[in-house]
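Quick notes on the structure that follows.
The values are calculated or read from the model by the stated rules, or taken from the named source; none is laboratory data. The shown structure was predicted, so the numbers you read here are calculated from the model rather than taken from an experiment. Cβ atoms come from the backbone with ideal geometry, glycine included; neighbour counts cover every protein chain shown.
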Amino acid sequence: MTDVLFRGGRVFAPSGPDAPAAGPFEGAVLVRGGRIAAVGPEEDVVRRAREAGASRTETVDLAGGLLVPGFVDAHVHPVHAGLDRAACDLSEAGDLAGYQERVRAYAAAHPDREWITGGGWDMSAFPGGLPHRSHLDFVGRPVYLVQSDLHAAWVNGRALELAGIDRNTPDPPDGRIERDPDGTPSGVLHEGAMDLVGRLTPRPTERDLIDALLEAQRYLFSLGVTGWQDAIVGPYAGVDDQLPAYLSAAGSGALRAKVVGALWWDRSRGAEQIEELKERRASAEGLPAFRATSVKIMQDGIPENFTAAVLEPYCGRGGERGLSYVDPVLLKEYVAALDREGFQIHFHAIGERAVREVLDALENTSPANRHHIAHLQIVEPSDVPRLAALGVTANLQALWACHDPEMVELCIPHLGEERAAWQYPFADLVRHGTRLAAGSDWPVTSADPFQAMHVAVNRTLPPDDPDYATHPAAATPFLPHQALDLATIMTAYTAGSAWLNRSAAGVIAEGAPADLAVLDRDPFRLPPSEIYATKVVMTFVDGECVHQ
């Protein structure tokens, strides 16, 4: 394998998740045999490259840019994202007229499809956050479109009819059917109610899932992402189990990224599923690029549809306090059993009650299993220090910590002033010594790490976001005292997330895997307001270029 010498710029080299680099240094990196062979001042590294006498050394000129470890996305849904890109993709439309045009064009282009399926719509495009079945009734076929955050589905009247859902259909225990004033289903199905229609939709084949995974890998490589934790490996939101696709892609060598799969915890079942989870974990043993060593437990929903579990009722919602998907008493039992079996547990917890239930369940578990809580939107202040005390990692989706339309229109008014100020307490977590990881939740929001890092530092929407120019509060920092410095959030996105995945990547140190990204500029030399503009020029996995 050809040696690769990176020179002509600076290097960001976090040494580990607990020791963030102070910032980049002027230097160079030599890669040999897929691993980092030397890192340090350029003169020293160049001399070592010559002394080694390699038959061929390829030089990558950083051109004044920055060399960083490949990013590791600690919470992402690549297969869902890849399927969205191949189906009726609404993610770039932005409003009702745009959504309808995408649906109309997709239906015309696929006259043989029994169902129109896809997703990517956003609650902020609709008054009150809710579309209506009538908006899709111009399509003669049933329509099932998953919300961008995977927590709701938008369906038309034909789909409701086929599923037998009417005003007499009760809400499932873990979801809600949105209704017109007369009780007729309006066309939005929240959380567990999605399955009432989703179970009828055509299932992607295993080949479809593999193709979606590889398309997502290609796209993530273009953003410098060289590893990730898939936050749901199992049947969810109209997609069957992705585990066979991962096993196939990893077994064939097509999966190049370093991936951990978080096996889905079926909240309709109990501890009896742990033996099945152990078998699923064992099916991936020995694969070079994929391990199924984590379990995903979704403890609540989201505040935008009032399913996030909160301690006090939502304002103006008649006493609603959200949903705890797993009974807190049983949660303690399940977590203890999973912990004994050596599973890492990847929690979804957004409301402050769900965060507390998860922390209570993690008491007396082993920090060696590297449990983590994703999202952490609302955290009651007395619970903030508990993460560090319990050895629990905060898995941040930093892109959400800003005055976007969802926050301003759908969250803050229903949270109330005091509780709204508890949101995304990143700096407080750091002050208490909490280990950080970072992820995107793509396709919920952008997979670009620099979009998220921009928000973590500035607590405002990136200026290239469509809502930045049109939303009055977009440029106003959201709880700016909770901002992070760039070195801290970049370490979370590299060494922090790699540590969570038990990967030796995420750092630039001799002997580490040469998973690297070359940036077109040095964001540490930019004004903070320009971090979002940083782009990836080249991406390397084990010393081989996978994107240029």
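When residues in the range 239-263 are screened for being in contact with a Leu (Cβ under 9 Å, 6 or more places away or on another chain), crowded, with 22+ Cβ neighbours inside 10 Å and outside any helix (DSSP H, G or I), 7 of them pass.
Taking (1) outside any helix (DSSP H, G or I); (2) buried (at least 19 other Cβ atoms within 10 Å of the Cβ) in turn, residue 113 satisfies each apart from (2).
With 337, 374 as the choices, which residue is surrounded by 15 or more Cβ atoms within 10 Å (Cβ to Cβ) and aliphatic (A, V, I, L, M)? Steps first, answer last, please.
Details: 337 fails: surrounded by 15 or more Cβ atoms within 10 Å (Cβ to Cβ).
Just a single option satisfies the conditions, and that option is 374.
Tell me which residues, restricted to the range 221-234, are of a type outside the set (Ser, Thr, Tyr), farther than 15 Å from residue 295 by Cβ and touching an Asp or Glu at 6+ places or on another chain (Cβ under 8 Å). Selection gives 223, 225, 227, 228. Considered as a group, the residues in the range 412-453 that are in contact with a Ser or Thr (Cβ under 8 Å, 6 or more places away or on another chain) and in a helix (DSSP H, G or I) include one that is surrounded by the fewest Cβ atoms within 10 Å (Cβ to Cβ), and that residue is 430.
Taken over the range 340-371, the criterion of being surrounded by 19 or more Cβ atoms within 10 Å (Cβ to Cβ), among the small types (Gly, Ala, Ser) and assigned to a helix (DSSP H, G or I) is satisfied by 354, 361.
What number of residues within the range 162-171 are closer than 15 Å to residue 200 by Cβ and surrounded by 12 or more Cβ atoms within 10 Å (Cβ to Cβ)?
First, the residues of the range 162-171 that are closer than 15 Å to residue 200 by Cβ: 162-165, 169.
Keeping just the survivors that are surrounded by 12 or more Cβ atoms within 10 Å (Cβ to Cβ) gives 162-163, 165, 169.
Number of matching residues: 4.
Report the residue count in the range 470-525 for those that are closer than 30 Å to residue 95 by Cβ, of a type outside the set (A, V, I, L, M, F, W, C) and either touching a strand residue (DSSP E or B) at 6+ places or on another chain (Cβ under 8 Å) or crowded, with 18+ Cβ neighbours inside 10 Å (or both). Count: 1. The residue pairs whose first member lies in the range 438-458 and is under 21 Å from residue 94 (Cα atoms), whose second member is part of a loop (DSSP other than H, G, I, E, B) and of a type in the set (S, T, N, Q), and whose beta carbons are closer than 6 Å, counting only pairs six or more residues apart or on different chains, are 441/397; 444/148; 447/440.
Of the strands (runs of 3 or more DSSP E) lying entirely inside the range 488-548, those containing at least 1 residues that are of a type in the set (Asp, Glu) are 544-547.
Scoring residue 387 on the criteria (1) surrounded by fewer than 23 Cβ atoms within 10 Å (Cβ to Cβ); (2) more than 24 Å from residue 77 (Cα to Cα) leaves a single failure, condition (1).
Condition check for residue 333 on (1) free of Cβ contacts under 8 Å to residues at least 60 places away in the same chain; (2) on the phi < 0 side of the Ramachandran plot; (3) not polar (S, T, N, Q): one failure, at (1). Screening residue 85 on (1) more than 30 Å from residue 397 (Cα to Cα); (2) under 19 Å from the mean Cα position of the chain (by Cα); (3) among the basic types (Lys, Arg) shows it passes everything except condition (1). The set of residues in the range 487-519 that are assigned by TED's automatic domain parsing to the domain that holds residue 33 and under 22 Å from residue 461 (Cβ atoms) contains only 519.
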